[in-house]
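**Q** Supplied in structure tokens, the structure appears directly below.
FYI, it's all coordinate maths here, none of it is from the lab. Fair warning: this is a prediction, and the values are worked out from it, not measured in the lab. Quick reminder, even Gly has a Cβ in these numbers, built from the backbone with ideal geometry, and neighbours come from all protein chains shown.
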């Protein structure tokens with residue numbers, strides 16, 4: 001609709017190897033400004049990820065910075081210890 005308007009590219013990749021490959025490809029082939037971040041797109045808070053947010057200032061870095069301040073959903077808990085759910089625990093309680 002507006003071919004003369006500037007195009008700015010934004011991207012999120014969770015896999016570090018693919019993130020770095022994207023940075024190399026963008027540096028070699030893109031003629032437009034871009035910001036690529038290494039993050040989990042399912043945990044990024046929508047209100048904090050608008051194109052004008054400071055999240056995109058952390059983009060395009062070979063060693064990705066910590067951007068957990070932009071996450072709305074906490075990381076998953078560690079795996080459950082199987083000892084907590086063994087029958088041994090229930091059978092020994094009655095003794």
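**Q** Show me the ranking of peptides 49-56, 37-44 by mean Cβ neighbours inside 10 Å, starting with the highest. Write out the running numbers ahead of the final one.
**A** Numbers: 49-56: 13.1, 37-44: 17.1.
Top of the packing list down: 37-44, 49-56.
**Q** Using a 7 Å offset from the Cα along the Cα-to-Cβ direction at both residue 8 and residue 47, what is the distance between the two label points in nm, to one decimal?
**A** So the two model labels end up 2.1 nm from each other.
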